[in-house]
Amino acid sequence: MSVALTSLQALELWRHALTAAVRREAPDLSSRQIALLLTIYLTPAPHTVRGLSSALHISKPAVTRALDRRNVLIERTTAGQAYLDGFADLVRQAATMIGAAA
């Protein structure tokens, strides 16, 4: 599925989704943590610190700090899936708002 957005529309979509995300009662993740979470859930397992480091082109210590632990194997959890499902809902709502404003 391809959606054509102008730069301004894309930034407005991102702003609306992020604003809604910081208002909800969910963990306030850093951009790095969100990138890791999305990579873990949207790419095939297994996931390791080394593999995530390579996929995101960041250092292994940066991955370890973002994960807040030294796991050898990083696995998907129901809490992580719930977080992403909620964030996806926020993006859909923002897209509806942007579409209505256009």
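Worth a mention:
- A residue that is loosely packed, with under 11 Cβ neighbours inside 10 Å and of a type in the set (A, V, I, L, M, F, W, C) cannot be found anywhere in region 50-67.
- Considering (1) part of a helix (DSSP H, G or I); (2) out of contact with any helix residue (DSSP H, G or I) (no Cβ under 7 Å at 6 or more places or on another chain), the lone condition that Glu25 does not fulfil carries the number (1).
- Residues that are aliphatic (A, V, I, L, M) and touching a strand residue (DSSP E or B) at 6+ places or on another chain (Cβ under 8 Å) within region 37-67 comprise Ile40, Val49, Leu52, Leu67, listed in sequence order.
- Only residues that are surrounded by 11 or more Cβ atoms within 10 Å (Cβ to Cβ), part of a helix (DSSP H, G or I) and of a type outside the set (Lys, Arg) were counted in region 28-49, giving 10.
- The single residue among Leu42, Leu29 that is modelled with pLDDT of 90 or more and either under 16 Å from the mean Cα position of the chain (by Cα) or not basic (Lys, Arg) (or both) turns out to be Leu42.
- Residue pairs whose Cβ atoms lie under 7 Å apart, sitting 6 or more positions apart in sequence or on different chains, and linking a residue in region 54-68 that is at positive phi to a partner that is assigned to a helix (DSSP H, G or I) and surrounded by 12 or more Cβ atoms within 10 Å (Cβ to Cβ), do not occur here.
- Of all the residues in region 16-63, those that are among the β-branched types (Val, Ile, Thr) and farther than 17 Å from Ala88 by Cβ number 4.
- Leu11 loosely packed, with under 14 Cβ neighbours inside 10 Å and part of a helix (DSSP H, G or I): yes
The values are calculated or read from the model by the stated rules, or taken from the named source; none is laboratory data. Predicted, not measured: the structure shown is a model, and the values here were computed from it. Methodologically, a virtual Cβ is constructed for each residue, glycine included, from the backbone with ideal geometry; neighbour enumeration extends over all protein chains shown.
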